[in-house]
Amino acid sequence: MSSDRKRSNREDSNREEWTEAERQSEHKIRMRFEFQDLVEDLIQDGQERGVFDNLAGKGKPLNLKSGLFEGDSALANELMKEHKVVPLWLMRRNAVGTAIEELRTDVGRHWQRHNLAYRLAQDEGRRMALRLSWSAQCREFQAEIVEINKLIDDFNLRRPSEGMEIFKLRLDDELKGAGASRELN
C-alpha cells in the first residue's frame, strides 16, 4: 500500500473522531475560503451528524406551489402566509394606497365645500377669499403629493415584481378625478 493511501486512510479515521471545536474551526476556514460552497458544506455536515434524520415529512416530496413569487423567496412567502405575517413590501404598498385614498377623499371633500360656497356667495369679496383659500388648499395638496410620491418611489424600488409598480401622482390628475379644477370660477 502506498504511503499516500495510508495517509488518506488515517486522515479519514481521524476525521470521524473530530470534536465539535475542530468542526467549527474547519467551518470557519471553509467560510473564509470557499464561501460559494458554504451552504452545500453545511448541509453535508448536517447529514453526517444526523441533523436531518427526524424531520417531519421525511421521505415525502415538498409542496412547492407555483405562484407569483417563484424562486428564492417562494418558501419564505409560503411560511409568512401560513403564519399570517405581512411582508414589508406589502405593508408599504398598503400604506401608499391608504395615503392616496385619503388624499383623494380630501380633494373631493374640499372641492365640494369650496365650490358650493363659491356658487352661493353673492359678495365679490367672499368669492375672492374663497379663490385664495382654494389656491392655498391646492398648494397643500401639492405638498401632500410630493410626500406620497416619495413613498411611491420607495415602494417601486423595493417591489418584488415588475407588474406591481405604482405610478406617481400629479395634482392636475387628482383634481380632474374629483371633478375639480385649479381655480374656482
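The values are calculated or read from the model by the stated rules, or taken from the named source; none is laboratory data. This structure is a prediction, so every number in the text was calculated from the model and none was measured. Ideal geometry is used to build each Cβ from the backbone, glycine not excepted, and the neighbour counts take in all protein chains shown.
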Given the options L157, L132, name the one that is closer than 30 Å to A74 by Cα, aliphatic (A, V, I, L, M), part of a helix (DSSP H, G or I) and without any contact (Cβ under 8 Å) to a residue 12 or more places away in the chain. L157
Check every one of the helices (runs of 4 or more DSSP H) wholly within the range 3-83 and list those with 1 or more residues that are modelled with pLDDT of 65 or more and surrounded by fewer than 10 Cβ atoms within 10 Å (Cβ to Cβ). 20-33, 38-49, 74-82
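Yes/no matrix, rows are residues, columns are (1) among the hydroxyl-bearing types (S, T, Y); (2) touching a Lys or Arg at 6+ places or on another chain (Cβ under 8 Å); (3) assigned by TED's automatic domain parsing to the domain that holds E102; (4) buried (at least 16 other Cβ atoms within 10 Å of the Cβ):
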{"residue": "H114", "(1), (2), (3), (4)": "no, no, yes, yes"}
{"residue": "R127", "(1), (2), (3), (4)": "no, no, yes, yes"}
{"residue": "W134", "(1), (2), (3), (4)": "no, no, yes, yes"}
{"residue": "V146", "(1), (2), (3), (4)": "no, no, yes, no"}
{"residue": "F155", "(1), (2), (3), (4)": "no, yes, yes, yes"}
